[in-house]
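Participant: Quick one: the structure is below, and I'll ask about it shortly.
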């Protein structure tokens with residue numbers, strides 16, 4: 001307890017302007033990672049945190065910039081990050097090639113479990129999610145994403161060879177649905193549209 005009180009001594013209303021202090025949620029969005037990741041970094045001493053009298057964490061913008069190793073201005077021009085979740089290695093490779101050619105930074109996950117783990121490390125700007133996967137399917141993963149990060153936080157494009165999956169995808173909160181086999185132009189058009197809407 002003493003250690004926690006010691007860390008809470010610096011007052012949030014100090015010399016820094018109020019806008020220089022971010023809440024946990026704001027800091028997570030600023031760094032592009034999940035709130036749970038921010039907590040781990042803070043608890044592990046990697047990221048300085050200050051505490052309000054009520055016990056809420058606050059983060060100084062300058063500390064976040066130093067942690068990133070670059071200015072916020074440089075981060076603003078970073079390429080869009082896309083997470084592809086599909087158990088088909090060939091399809092993931094196809095999507096990666098198409099999206100990287102469009103200037104995106106792509107991360108792959110071969111299962112819903114891997115996809116959720118990737119989200120805990122870093123939040124992408126867009127998720128491309130297959131409906132039909134073993135163990136946990138795409139609908140179940142999307143429901144967990146909504147529970148952890150909110151329905152509007154990350155745009156999701158779902159795809160499936162089954163036409164009837166479109167209705168389930170929409171009910172689960174997907175912003176778009178594309179049937180297999182893909183029309184690359186349609187996929188990239190949907191991706192660009194959702195990324196523009198998010199920016």
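The values are calculated or read from the model by the stated rules, or taken from the named source; none is laboratory data. Everything quoted here is computed from the prediction, not taken from an experiment. No Cβ is skipped: glycine too gets one built from the backbone with ideal geometry, and neighbour counts run over all protein chains shown.
Participant: Yes or no: residue 83 touching a residue at least 24 places away in the same chain (Cβ under 8 Å), in contact with a strand residue (DSSP E or B) (Cβ under 7 Å, 6 or more places away or on another chain), crowded, with 20+ Cβ neighbours inside 10 Å and over 24 Å from residue 28 (Cβ atoms)?
Facilitator: Judged against the criteria, residue 83 is not a match.
Participant: With respect to the numbered conditions (1) over 29 Å from residue 40 (Cα atoms); (2) assigned to a helix (DSSP H, G or I), which one is the sole condition not fulfilled by residue 144?
Facilitator: Here residue 144 meets the rest and fails (1).
Participant: Just need a number here: residues in region 117-132 that are free of Cβ contacts under 8 Å to residues at least 60 places away in the same chain and touching a helix residue (DSSP H, G or I) at 6+ places or on another chain (Cβ under 6 Å).
Facilitator: Final tally of qualifying residues: 3.
Participant: Conditions first: (1) more than 20 Å from residue 36 (Cβ to Cβ); (2) in a loop (DSSP other than H, G, I, E, B). Residue 193 passes all but one, so which condition is the exception?
Facilitator: (2)
Participant: Kindly establish whether residue 168 is touching a residue at least 24 places away in the same chain (Cβ under 8 Å), over 23 Å from residue 28 (Cα atoms), outside the structural domain of residue 24 (by TED's automatic domain parsing) and surrounded by fewer than 21 Cβ atoms within 10 Å (Cβ to Cβ).
Facilitator: yes
Participant: A further question follows. Applying the selection to region 93-132, what residues are surrounded by fewer than 22 Cβ atoms within 10 Å (Cβ to Cβ) and under 12 Å from residue 159 (Cα atoms)?
Facilitator: 132
Participant: Could you tell me whether residue 99 is within 21 Å of residue 196 (Cα to Cα), over 13 Å from the mean Cα position of the chain (by Cα) and modelled with pLDDT of 90 or more?
Facilitator: No, not satisfied.
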